[in-house]
Structures are given as C-alpha cells and as structure tokens.
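Trainee: Pasting a structure below so you can have a look.
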Amino acid sequence: MEKMSPMMTQYLKTKSEYSDCILFYRLGDFYEMFFDDALLVSKELELTLTGKDCGMSERAPMCGVPYHAVDVYIDKLIKNGHKVAIAEQLEDPKLAKGLVKRDVIRVVTPGTVLAGTSLDETKNNYLMCIVYTGSDFGMSIVDITTGEYLTTDLKDISEIRDELFRFSPSEIIANEYLQMSGLDLEELRNRIGFAYSTLSNKYFDDITCYKALCKHFHVANLTPLGIETFPNGIIASGALLQYLYETQKNEMPQLTSIKPYTTGKYMILDTATRRNLELTETMREKQKRGTLLWVLDKTKTAMGARLLRQYVEQPLVKRDEIVIRQDAIEELCENYIDREELREYLQPIYDLERLIGRVSYKSANPKDLIALKNSLEMLPAIGALISKFKSQAFVKCTEEFDALEDLYALIDASINDDPPMLVHDGGIIKPGYSEETDMLRRSKTEGKDWLADLEATERDKTGIKGLKIKFNKVFGYYFEVTNSFKDLVPDYFERKQTLVGAERYTTPRLKELENIILGADDRLKGLEYDLFSEVRDKLADEVVRVQKTAHAVALIDVFCSLSLVAQRNNYVRPKINEKGIIKIRDGRHPVVELMLHDDLFVANDVLLDNHNNRISIITGPNMAGKSTYMRQVALITLMAQLGSFVPAAEADISLCDRIFTRVGASDDLASGQSTFMVEMAEVSNILRNATKNSLIVLDEIGRGTSTYDGMSIAWAVVEFISDPKQIGAKTLFATHYHELTELEGAIPGVVNYCIAVREQGDNIIFLRKIIKGGADKSYGIQVAKLAGVPDKVVQRAKELVEQLTDADIAVKTKELAQTGAVRSPKRVVKADEVDANQLTLFDTVREEDILEELEKLNIGQMTPMDALNTLYNWQNKLKNRMK
C-alpha cells in the first residue's frame, strides 16, 4: 500500500470534510489545488497543470495561485457556480515544530462573497433559505455584506415564485422536502441563475433553530425581535444562521437585527411584468440603460443605488408610506440648492454598509479603513444640512443620524493616509499613535547613529582609543578590544569571544540596541498588525451605529436622486387615492421620452376606474404606439407607488395590489413551449391571481393561433376580466381584432380607444395620439412598406389581401350559416337557442327573397361583424315567418 507524505495526508483529511468544495490549500505564498480539484481549476482558470511528489507511484496533479491575488481566482470559480473552501496556515512556518497546522477558515459560496468583481455594488447579494413543512413555507433572506436579514411565512408556490423574482438570490439552501412541494426548481434556476443545495434535516429542527436565533441576538425568546408569529420563518432563519456559522467560521457580528415582513406590504410583480416593463434590465441586451432604474438612478453612493433598486422592485401599497416619501422629495425640490450641496457631500462616500461588514468580518484591509475614514469625514456636514428639513422622513433621519466623529478620530489618529493593501506589509500605523512603533521605526533609520554614539561614549569612558563596535551574523554586535588595551576593559563588559590578538565584548546597552535594531523590521510589522487589528476590532464594536447611519445616508441619497430626476424631467407629484381611479393628463413614457433625440414625445391621457371605464380596448396599426402607451400607464402607476414623482401634467393614481402584463411574443425554447403556450400560461396566471385592485396590461392576446380561435379567446378574456364577480380589474387591452370594439356598450365598463393615424395616399403617418373610438383598419401593408419591404412584395400583398378578404367573407358566411353560431354586437346567439329546423336559410318559403338580398350584398366591403349581423337578421326573419 502506498504511503502518503504527511502534508498530503493532512490535505486529504481536510478535503474529505469539504468534499463538495474546491479546496484552496495554503502552502507558503501560494494556494495549491490537487487531484480532481487541480484538473478542474486548471481548465476553468486556464492555469498550468503540474505535479507534486506525495508518496504515490505517480505525481499528484497540482496547480496553484499566488495568495495576494486569490480573490480574483475565487470570483471566477464562484461565478461558475462552485464553492471554494480556503485552508489557511494557522501558525508561522518559522515557529512551527513539524508539520504546519492548517485548517479551513472560510467557505466561499455565491451567497457569501464578501468582495471582488463578482459583487455588483448597486445590487444586493442575497442568500436565501426556504423550508417546506408539507403544507406551507418559511423563507429567510440575508445579505452578509450589508447585514440585511429578513424572514417571512408563505402559503403556496405562487408566493414563493413571487419572492424569488423579487429578491433574485444568488444562492438558495433548502430542506429536502422542498423538492416534493411541486416547485419547479430547474425552471427557476434557468430564469434567475442561482446556486442551489439541500441541507440535512438537522439544520431545520425547530427547537435548534429557535435557540440559535435567541443565542445570536442575546434574547431569552423571540418576542422582542417581532418574529414569534412566523413559525416557518423562524425555522428558515435558524437554518440559515447555522449554515453561515458553519461556512463562515465566525459569529456573523454584522447581523445585528432580523426583520419580519409580509408579502402584502409591497405591490406584487411577477416575472413577466418585471421583464415586460424593463424595470432594472432591458429585455434584449440585459443592460441597465433603457430601463426605469436607469431613468431614476442618479444616486451618488452604492448604498443609495441598492436602496433605489429595492424601491423600484418593491413598490408600496400603503398610502401613508408613499406620501412620506413624496413629502421628502417635494421638500428637496423646493430646496434644490441644499439638495445639490448634499449630493456633493455624498459623492466621496464609499460603501459604508459593506465596509463595516468587512470590518466586523475581520477581512478589512488598511485601505478599507481609510475609505471608511474618508466617508465618515462627510457625515457632520450632511447631518447639519438634513437637520434643516421638516418633512417626516428627514425628521426621523435626523433623529437616527450619527456623525460617528469618534470613529473618524480613531482612524485618523492611527492609520496612515496611504497605507499598503496587505496587513502584514508594515507602514500602516501613523507616527505618534504608538511610542513603541515610533521607536522601532527610528531604529531602522537611526540605528547606526545610536551605535556610533555608544561607541564614542564608551571610548571616552574607558580610554580605549581603538574601541570599535563590529557585527557578524554569528555573534551579532560586539565591542572589539585589542590585547594591548585589555587591561582598560571595565567590569560591565561581558566577554563574548577570544581571538588571537583581541577580545570581543558586549554590554547591557549594546544588547538592548542589538535587540532593537536586528528585530526591528519583523517586530515593527508584527506590532503594526496587532495595532491595526485592535483598531479594526474597536470599529467592529460599533457596527450597529455604522449600519444605522449607512441606511440614513442611503435614504438621503435616494430622495436626492428622485428629486433631481423629477425637476430635470418635469415630473409632477401624483395624488394617491383608494377609490379605484387612475386618471393621468398628458402622461409620458419615462424611458422612451429620454431615448428620443430628434422627436418630441406625444403625451396622452388615461382614465380607468372600477365602473364605466374599467377596460380600455385599444386598436390601431403596429408601430403606432399602443404598447408604449400601455407600458407608460403601468410605469406611471408603479412610479407613483414607489413614492416618485411621475411624467405627466397631472396624475391621480389608485393604489394597485399587483400589476400584470402580457406584452410581446417569445418562445420559451428552454422548456419547449411555443409562443402561444407561453402567452396562454401568462394569461392563465393573470386570470387566476388578479383582483379588482389590480392593473392589467394585455397586448395582442390570441395572435399566436388561428384568427377565430384567437379572437374567441380574446373576447372571452375581456368578458371574464370585466365581470366584477370574477375579477373586475382595471385593464388596458390592445388588439388587432377590430371585432372586439363591438363590446363597447355590450359589456359594462368597456370603452374603445385607438391610435390616431393620418393617411396620405398609400402612406400613413402615426400621430401617436390616443383618441376615443375604434380603428377600422390594421394598416398592415402600409406598415410593411414603412419597414422597407420591397415594393414588389407590397404590391402583391395588396392584390392578395383583396382576394383573401372576398374569399374569407364568403366562406365564413356560409360556414356560420350552417353551424348556427352567430354573433351580434349586443349578444352571442348560441346554436342550442335556435330550432334545428331553422338552421338552414334556404329550406323555407320565399328563399328567393333571401337569395336576392345575398346577391345584392357587396361582400368585399363587409367586415366579419357585418356579415354576422346580416346572418342574424336573416335568421330572425325566418323565425318570424315560421311563427
């Protein structure tokens, strides 16, 4: 049997304890990987694969990365979905007896990254825990870089999905039972891109979880934390905390509080709505430019950018909370000079939340502390400015604001203004902070002067003219006295070595200087590290104070950003009502108006309520602006509920519990679903979950199938949504089925609108204005011409549409006559309502009259609805004749 080397035996033991991780094993100035880890990492990071003798017949595959650049390599592996265990040397190799002790000091996972390129400073990096109890769910979410820690109880899978899309976690841990809940984890992973792992049942024991939370927050029970009434949330939170303890190897001091929340506190936005409204990323390029967040985000700090993103993704549903935000924004608009001064003070502030997170984690380096100091320097001026404001949000902000001047003074007194990046390189501590460091530092530069002074002093005292201080590596510093002067050597000289013609001595003072000079560099670096760690620990003790101030700074930054955007883009403060009315005068699309460079955006009005204006049927040609109009209504509503001012001349917005959108067509090839299947799935979700307080945006329902199937589905959907007993939600419904305009008057609350178009010969001009009434044409061929389709194709299309229209009307007229399914504007006549003997038009007396009328009809000028009405009239005549 092959015998492993002691080092490799140690490595394999550690690897067996972290078999699901890539093990970074510290050897000197490198982190090394062996065996399968080396093969994987060398391929993914494009590292040179070498080998190491370890007592086996073959060399073990090996690759490595330098310790000072390890974060870059770990980031790449984390982005690829791996976990990395970092095994560090636990003792100084120079002082170790035998094999250096090593152990894992931290496991890095996608949800526990503390720094590096994998962290976007404008987004939270959430780790989520989900527990399924067999009937309902518990959820807990944490961002260890900022200290945010949340928990809630959820009833069903739809709520789980909503929260997943709201938080977009980078990592999810769960109990084994979650896979039996019916939640399609694979589909969600493809959409969101999180890492997923299950934990054993021991993590989810309710008593263990309860005790873990009590111990962490130093409470006897969970009532003071406000989470006592969230039994499943407690299990999820406790399991999450245990997972962090196990992987991070510390007590997570930055998690200073846990906040319960309920899903009803925020507007619910499903994945389709987030995508279709392009809230934080565009549908095609997946970038920020061109999104609502891009318009609103003029923040100066990373904390502000993250908080604004939360506002956009989590609109409020309580009027009082919205008004508090509006008041703060309005006050900043009225005091714009103070606002601009605030923004100047915010500019130099670094990411306080993540800086104090690293400080409490003991991973902050000297440059992090200087970044913290430079940020703290701005706080007194900010505190003085916000104390002038009177709105409720700013008054509360002022009460909680802490200028942290003592922490600034501590860093300013102790840490050099331009320190090194690494904590063991020295040059960290300022002169004057520590007498011992000052002396050690002087010994490096003034040591020769000290020795020369001692040499001169002793020469004068002893009278030995040739007395010299010399040095060698074996004996260090010593006085050398030739034999001719040996009789003058004083008693306090201690002999170190006898030579043929001389004696070497030392003295207590020379020993002291020798110790100072020879060990000065190493001792100085060690002392500076200890003092740095001491300062860092003092700062870590104040994590709660820093976190509170960081949140206040983020809030100020968000209000300044929203105020600036409101003034710059000519937004107005919307009224917020709970009467079910959405009334907008001269509303504009917040993104599109900024993307237009050569044209002015055409503003439009909106009126939706729960009575006579419940559903707007919008018709008009492609490219005319139907989708833009509907999206702008949804975005203005959302902006109002996040507390922002809105792009309009005037707005009165009713609180909505959800916004639903079904816009555009896209195949879901990954799950094998066609355009029509995706469309119907989204429609199904809307019809099952919408309420009378929801806002629904539907664009081109039913176009993914045959004309009459599509029209029938669209018609049925309008009927269902408009019925107050079913849904009764405010709805914008764009369609090319002009027959649906007949629903105005037939169904209460349905109103027709269309996009104004001006015809110039064969060309059309889009006026982009919404007017009452229905469109009578789709202008498809004209749009094709505008899009640059060759003239020959356009001309042929004109010929074909005339032929097809004639043929379609004639055929459909005959088919409908035979089946008896005849529609009218006011009523749908079903076949079972008509006597079987009356189904055929031509088997009764005076069929010549009917034939004569049919012969005179100009079918080419009839719409399908006209044809249906004519058939209905003929059928009524025949019924009356039979009576």
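Trainee: Would you confirm, using the coordinates I've provided, whether GLU494 is over 18 Å from ARG459 (Cα atoms), surrounded by 12 or more Cβ atoms within 10 Å (Cβ to Cβ), in contact with a helix residue (DSSP H, G or I) (Cβ under 9 Å, 6 or more places away or on another chain) and at pLDDT 90 or above? Talk me through it step by step, then tell me what you get.
Mentor: Details: over 18 Å from ARG459 (Cα atoms): no; surrounded by 12 or more Cβ atoms within 10 Å (Cβ to Cβ): yes; in contact with a helix residue (DSSP H, G or I) (Cβ under 9 Å, 6 or more places away or on another chain): yes; at pLDDT 90 or above: yes.
Considered against the rule, which asks whether it is over 18 Å from ARG459 (Cα atoms), surrounded by 12 or more Cβ atoms within 10 Å (Cβ to Cβ), in contact with a helix residue (DSSP H, G or I) (Cβ under 9 Å, 6 or more places away or on another chain) and at pLDDT 90 or above, GLU494 comes out as no.
Trainee: A further question on this structure: Let me confirm something: among VAL591, VAL546, which residue is in contact with a Gly (Cβ under 9 Å, 6 or more places away or on another chain), farther than 17 Å from LEU316 by Cβ and surrounded by 21 or more Cβ atoms within 10 Å (Cβ to Cβ)?
Mentor: Working: VAL546 fails: in contact with a Gly (Cβ under 9 Å, 6 or more places away or on another chain).
Just a single option satisfies the conditions, and that option is VAL591.
Trainee: Restricting to the stretch 746-765, what's the tally of residues that are over 26 Å from ARG688 (Cα atoms), surrounded by fewer than 20 Cβ atoms within 10 Å (Cβ to Cβ) and not aliphatic (A, V, I, L, M)?
Mentor: Summing the residues that are over 26 Å from ARG688 (Cα atoms), surrounded by fewer than 20 Cβ atoms within 10 Å (Cβ to Cβ) and not aliphatic (A, V, I, L, M) in the stretch 746-765 gives 6.
Trainee: Find the strands (runs of 3 or more DSSP E) located wholly in the stretch 679-790 whose residues include 3 or more that are under 35 Å from the mean Cα position of the chain (by Cα) and touching a residue at least 12 places away in the same chain (Cβ under 8 Å), and list them. Show your work before the answer.
Mentor: Details: elements: 695-699, 730-734, 750-760, 763-772.
So the answer is 695-699, 730-734.
Trainee: Here is a list of conditions, (1) outside any loop (DSSP other than H, G, I, E, B); (2) open to solvent by 40 Å² or more (accessible area, probe 1.4 Å), and PRO431 meets all of them except one; can you say which number that is?
Mentor: All conditions pass for PRO431, except number (1).
Trainee: Give me a count of the residues in the stretch 1-53 that are within 35 Å of the chain's Cα centre (by Cα), without any contact (Cβ under 8 Å) to a residue 60 or more places away in the chain and farther than 22 Å from VAL100 by Cβ. Steps first, please.
Mentor: If we filter the stretch 1-53 for residues that are within 35 Å of the chain's Cα centre (by Cα), which is where we start, we get 14-26, 30-33, 36-47.
Restricting the remaining residues to those that are without any contact (Cβ under 8 Å) to a residue 60 or more places away in the chain gives 15-16, 19, 30-33, 36-47.
This time we only want the ones that are farther than 22 Å from VAL100 by Cβ, so: 19, 36, 39-47.
Number of matching residues: 11.
Trainee: Which pairs do you get when a residue that is under 9 Å from PRO260 (Cβ atoms), found in the stretch 211-230, comes within reach of a residue that is open to solvent by less than 30 Å² (accessible area, probe 1.4 Å) and among the β-branched types (Val, Ile, Thr), reach meaning Cβ atoms under 7 angstrom, with the pair 6+ apart or on two chains?
Mentor: LEU225/ILE258; ILE227/THR151; ILE227/ILE234; ILE227/ILE258; PHE230/THR151; PHE230/THR152
Trainee: Out of the residues in the stretch 5-36 that are closer than 18 Å to ARG59 by Cα and open to solvent by 60 Å² or more (accessible area, probe 1.4 Å), which is modelled with the lowest pLDDT?
Mentor: PRO6
Trainee: Determine which member of the set ASP449, ASP438 is open to solvent by 80 Å² or more (accessible area, probe 1.4 Å) and outside any strand (DSSP E or B). Break it down into steps so the answer makes sense when it comes.
Mentor: Working: ASP438 fails: open to solvent by 80 Å² or more (accessible area, probe 1.4 Å).
Residue meeting the stated conditions: ASP449.
Trainee: Taking the stretch 619-632, which residues are touching a Ser or Thr at 6+ places or on another chain (Cβ under 9 Å) and under 20 Å from ILE582 (Cβ atoms)?
Mentor: So the first thing to find is which residues in the stretch 619-632 are touching a Ser or Thr at 6+ places or on another chain (Cβ under 9 Å), and the list is 619-622, 626, 630-631.
Scanning the stretch 619-632 gives LYS626, MET630, ARG631.
Trainee: Just for the stretch 273-301: of the residues that are open to solvent by less than 20 Å² (accessible area, probe 1.4 Å) and touching a Lys or Arg at 6+ places or on another chain (Cβ under 7 Å), which one is farthest from GLY357 (Cα to Cα)?
Mentor: Per the stated criteria, the residue is LEU277.
Trainee: With the condition kept exactly as written, say whether any residue in the stretch 493-515 is β-branched (Val, Ile, Thr), in a loop (DSSP other than H, G, I, E, B), under 30 Å from HIS551 (Cα atoms) and in contact with a strand residue (DSSP E or B) (Cβ under 9 Å, 6 or more places away or on another chain). Give the steps one after another, and end with the answer.
Mentor: Filtering the stretch 493-515 for residues β-branched (Val, Ile, Thr) gives 498, 500, 506-507.
Right, trim to in a loop (DSSP other than H, G, I, E, B) and you get 500, 507.
If we keep only those that are under 30 Å from HIS551 (Cα atoms) too, we end up with none.
No, because not a single residue in the stretch 493-515 is β-branched (Val, Ile, Thr), in a loop (DSSP other than H, G, I, E, B), under 30 Å from HIS551 (Cα atoms) and in contact with a strand residue (DSSP E or B) (Cβ under 9 Å, 6 or more places away or on another chain).
Trainee: If you don't mind, there's one more thing I want to ask. Suppose the filter is out of contact with any strand residue (DSSP E or B) (no Cβ under 9 Å at 6 or more places or on another chain), under 30 Å from LYS249 (Cβ atoms) and among the aliphatic types (A, V, I, L, M); does ILE349 pass it?
Mentor: Details: out of contact with any strand residue (DSSP E or B) (no Cβ under 9 Å at 6 or more places or on another chain): yes; under 30 Å from LYS249 (Cβ atoms): no; among the aliphatic types (A, V, I, L, M): yes.
Criteria not met by ILE349.
Trainee: Name the single residue, out of those in the stretch 37-55 being among the charged types (D, E, K, R) and closer than 17 Å to ILE74 by Cα, that is surrounded by the most Cβ atoms within 10 Å (Cβ to Cβ).
Mentor: Just the residues of the stretch 37-55 that are among the charged types (D, E, K, R), to begin with: 37, 43-44, 46, 52-53.
Going one step further and asking which of them are closer than 17 Å to ILE74 by Cα, we end up with 37, 43-44, 46.
Details: ASP37: 22, LYS43: 11, GLU44: 15, GLU46: 8.
Once the filter is applied, the top-ranked residue is ASP37.
Trainee: Between a first residue in the stretch 411-440 that is basic (Lys, Arg) and a second residue that is open to solvent by less than 20 Å² (accessible area, probe 1.4 Å) and not in a loop (DSSP other than H, G, I, E, B), which pairs have beta carbons less than 8 Å apart while being 6 or more apart in sequence or on different chains?
Mentor: Qualifying pairs under 8 Å: LYS430/SER414; LYS430/ILE415.
Trainee: Of the conditions (1) out of contact with any Ser or Thr (no Cβ under 9 Å at 6 or more places or on another chain); (2) touching a residue at least 60 places away in the same chain (Cβ under 8 Å); (3) within 14 Å of GLU171 (Cα to Cα), ILE86 satisfies every one except a single condition; which number is it?
Mentor: For ILE86, the exception is condition (3).
Trainee: Search the stretch 252-268 for residues being farther than 22 Å from GLY138 by Cβ and open to solvent by less than 50 Å² (accessible area, probe 1.4 Å), and hand back the single one that is nearest to the chain's Cα centre (by Cα). Outline the logic, then answer.
Mentor: Initial filter on the stretch 252-268 (farther than 22 Å from GLY138 by Cβ): 253-254, 267.
Still in the running and open to solvent by less than 50 Å² (accessible area, probe 1.4 Å): 254, 267.
On the way: GLN254: 20, MET267: 17 Å.
So the residue we want is MET267.
Trainee: I'd like to check something: does the stretch 453-469 contain any residue that is touching a Ser or Thr at 6+ places or on another chain (Cβ under 9 Å) and either open to solvent by 80 Å² or more (accessible area, probe 1.4 Å) or assigned to a helix (DSSP H, G or I) (or both)? Give the steps one after another, and end with the answer.
Mentor: Just the residues of the stretch 453-469 that are touching a Ser or Thr at 6+ places or on another chain (Cβ under 9 Å), to begin with: 454, 458, 464, 466.
So of that shortlist, the ones also either open to solvent by 80 Å² or more (accessible area, probe 1.4 Å) or assigned to a helix (DSSP H, G or I) (or both) come out as 454, 458.
Among the residues of the stretch 453-469, at least one is touching a Ser or Thr at 6+ places or on another chain (Cβ under 9 Å) and either open to solvent by 80 Å² or more (accessible area, probe 1.4 Å) or assigned to a helix (DSSP H, G or I) (or both), which makes the answer yes.
Trainee: Being in contact with a Pro (Cβ under 8 Å, 6 or more places away or on another chain), touching a residue at least 40 places away in the same chain (Cβ under 8 Å), under 29 Å from SER360 (Cα atoms) and not hydrophobic (A, V, I, L, M, F, W, C), is that true of even one residue in the stretch 62-81?
Mentor: The answer is yes, given that some residue of the stretch 62-81 is in contact with a Pro (Cβ under 8 Å, 6 or more places away or on another chain), touching a residue at least 40 places away in the same chain (Cβ under 8 Å), under 29 Å from SER360 (Cα atoms) and not hydrophobic (A, V, I, L, M, F, W, C).
Trainee: Further, regarding this structure: Within the stretch 332-381, can you find the residues that are open to solvent by 60 Å² or more (accessible area, probe 1.4 Å), part of a helix (DSSP H, G or I) and without any contact (Cβ under 8 Å) to a residue 40 or more places away in the chain? Explain how you work it out, then say what you get.
Mentor: We begin by selecting, within the stretch 332-381, every residue open to solvent by 60 Å² or more (accessible area, probe 1.4 Å); these are 334, 336-337, 340-341, 344-345, 347, 350, 362, 367, 377.
Restricting the remaining residues to those that are part of a helix (DSSP H, G or I) gives 334, 336-337, 340-341, 344-345, 367.
Matches in the stretch 332-381: GLU334, ILE337, GLU340, GLU344.
Trainee: So, restricting to strands (runs of 3 or more DSSP E) that lie completely within the stretch 137-217, which ones have at least 2 residues that are open to solvent by 10 Å² or more (accessible area, probe 1.4 Å) and in contact with a strand residue (DSSP E or B) (Cβ under 7 Å, 6 or more places away or on another chain)? Break it down into steps so the answer makes sense when it comes.
Mentor: On the way: elements: 137-143, 148-154, 171-175, 195-199.
Passing ranges, in order: 148-154, 195-199.
Trainee: Ok, one more. Tell me which residues, restricted to the stretch 607-648, are open to solvent by 10 Å² or more (accessible area, probe 1.4 Å) and among the aliphatic types (A, V, I, L, M).
Mentor: Across the stretch 607-648, the qualifying residues are LEU607, MET623.
Trainee: Listed residues GLU321, GLU353, GLU285; which is more than 21 Å from ILE160 (Cα to Cα) and either at pLDDT 95 or above or among the aliphatic types (A, V, I, L, M) (or both)? Working first, answer last.
Mentor: On the way: GLU353 fails: either at pLDDT 95 or above or among the aliphatic types (A, V, I, L, M) (or both); GLU285 fails: either at pLDDT 95 or above or among the aliphatic types (A, V, I, L, M) (or both).
Selected residue: GLU321, the only one of GLU321, GLU353, GLU285 that is more than 21 Å from ILE160 (Cα to Cα) and either at pLDDT 95 or above or among the aliphatic types (A, V, I, L, M) (or both).
The values are calculated or read from the model by the stated rules, or taken from the named source; none is laboratory data. Keep in mind that this is a model prediction, so the values were computed, not measured. Positions of Cβ are backbone-derived with ideal geometry, glycine not excepted, and every protein chain shown enters the neighbour counts. The area values use the complete protein model at the heavy-atom level, side chains included, leaving out ligands, DNA and RNA. Shrake-Rupley method; radii C 1.70, N 1.55, O 1.52, S 1.80 Å.
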